[in-house]
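**Student:** Shown below is the structure under consideration.
The values are calculated or read from the model by the stated rules, or taken from the named source; none is laboratory data. These numbers come from a predicted model, not from an experiment. Methodologically, a virtual Cβ is constructed for each residue, glycine included, from the backbone with ideal geometry; neighbour enumeration extends over all protein chains shown.
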Amino acid sequence: MPPRRPVPNPGFGARLRALMDIDKIADALEQTGYIVLKDALEARLLQGLLSRCQDDGTGRFVASHVGRGTAKQKIETLRGDVISWIEPGDATDTAFLDRMETLRRELNSRLFLGMFDYESHYAIYSSGFGYGKHSDVLQGKKNRILTTVLYLNEDWQPEHGGELVVYDPAGETEILRVQPTFGTMIIFLSESYPHEVLISNTTRRSIAGWFRVSGS
């Protein structure tokens, strides 16, 4: 499990507020439960995150699993990415986590969501893999409040596949399809929207994250 977040540098908060329209995000989450942002973070940070989202064979990236604890298992037919948890020891990771901490505080102040912390990981899907339809809330627990996905794919083309498909709460009707283009971020209510990652025809990179309640 990733460590708890340290106290952020408040200077990053002003940068995030200058880049993101927090009120617009809060309004969208309150009205529809999701929002898609283009160029969600500054270009220099996005390039740094892309450099970090590379599997160099050192063991930093590991095969993903489905479930947690004794129920955790690897099922490539359902989920085929390799992941690396984001931790504050690296300067680029810390910068990203600081911006997400600011977003947590700002949204809590507007929507009273009670979000306590944030966990996130880099994810790399090789060609031919995706992630079947699922919910981000662990069964029997209301632990994740908001999901964020930030895409790190330069020059992504529609024929590359790999879209995120978001469904209605019943999981039956597609309501949104997001191309994983560089700098795009989607934020949505974790409990409300089942989703899947379609099979990618080339390497696909992203950061998945979850704002959680205390004790989760």
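**Student:** For residues that are touching a Phe, Trp or Tyr at 6+ places or on another chain (Cβ under 9 Å) and not β-branched (Val, Ile, Thr), tally how many sit in the stretch 145-168.
**Tutor:** Qualifying residue count, the stretch 145-168: 12.
**Student:** Another one. Only one of (1) surrounded by fewer than 17 Cβ atoms within 10 Å (Cβ to Cβ); (2) modelled with pLDDT of 95 or more; (3) not hydroxyl-bearing (Ser, Thr, Tyr) is not met by Leu138, so which one is it?
**Tutor:** The failed condition is (2).
**Student:** Being surrounded by fewer than 20 Cβ atoms within 10 Å (Cβ to Cβ), modelled with pLDDT of 95 or more and under 24 Å from Thr94 (Cβ atoms), is that true of even one residue in the stretch 172-188?
**Tutor:** Yes, because at least one residue in the stretch 172-188 is surrounded by fewer than 20 Cβ atoms within 10 Å (Cβ to Cβ), modelled with pLDDT of 95 or more and under 24 Å from Thr94 (Cβ atoms).
**Student:** Does the stretch 80-91 hold any residues that are closer than 18 Å to Thr148 by Cα and either in contact with a Phe, Trp or Tyr (Cβ under 6 Å, 6 or more places away or on another chain) or surrounded by fewer than 17 Cβ atoms within 10 Å (Cβ to Cβ) (or both), and which are they?
**Tutor:** Within the stretch 80-91, Asp81, Val82, Ser84, Trp85, Glu87 meet the criteria.
**Student:** It is to be established whether one or more residues within the stretch 146-156 are in contact with a helix residue (DSSP H, G or I) (Cβ under 8 Å, 6 or more places away or on another chain), in a loop (DSSP other than H, G, I, E, B) and farther than 24 Å from Leu45 by Cα.
**Tutor:** Within the stretch 146-156 (the criterion being in contact with a helix residue (DSSP H, G or I) (Cβ under 8 Å, 6 or more places away or on another chain), in a loop (DSSP other than H, G, I, E, B) and farther than 24 Å from Leu45 by Cα), the answer is no, since none of the residues qualifies.
**Student:** Which members of the stretch 98-129 meet the condition of being more than 15 Å from the chain's Cα centre (by Cα), surrounded by 15 or more Cβ atoms within 10 Å (Cβ to Cβ) and closer than 18 Å to Leu152 by Cβ?
**Tutor:** Phe129, the sole residue that qualifies.
**Student:** When the stretch 149-187 is examined, which residues are found to be at positive phi and without any contact (Cβ under 8 Å) to a residue 60 or more places away in the chain?
**Tutor:** Listed by number, the residues that qualify are Asp155, Gly161, Gly162, Gly171.
**Student:** Is it the case, given these coordinates, that Gly132 is in contact with a Leu (Cβ under 9 Å, 6 or more places away or on another chain), surrounded by fewer than 20 Cβ atoms within 10 Å (Cβ to Cβ) and among the small types (Gly, Ala, Ser)?
**Tutor:** Considered against the rule, which asks whether it is in contact with a Leu (Cβ under 9 Å, 6 or more places away or on another chain), surrounded by fewer than 20 Cβ atoms within 10 Å (Cβ to Cβ) and among the small types (Gly, Ala, Ser), Gly132 comes out as yes.
**Student:** In the stretch 157-170, which residue that is of a type in the set (Asp, Glu) and part of a loop (DSSP other than H, G, I, E, B) is nearest to Arg79 (Cα to Cα)?
**Tutor:** Applying the filter and picking the extreme gives Glu163.
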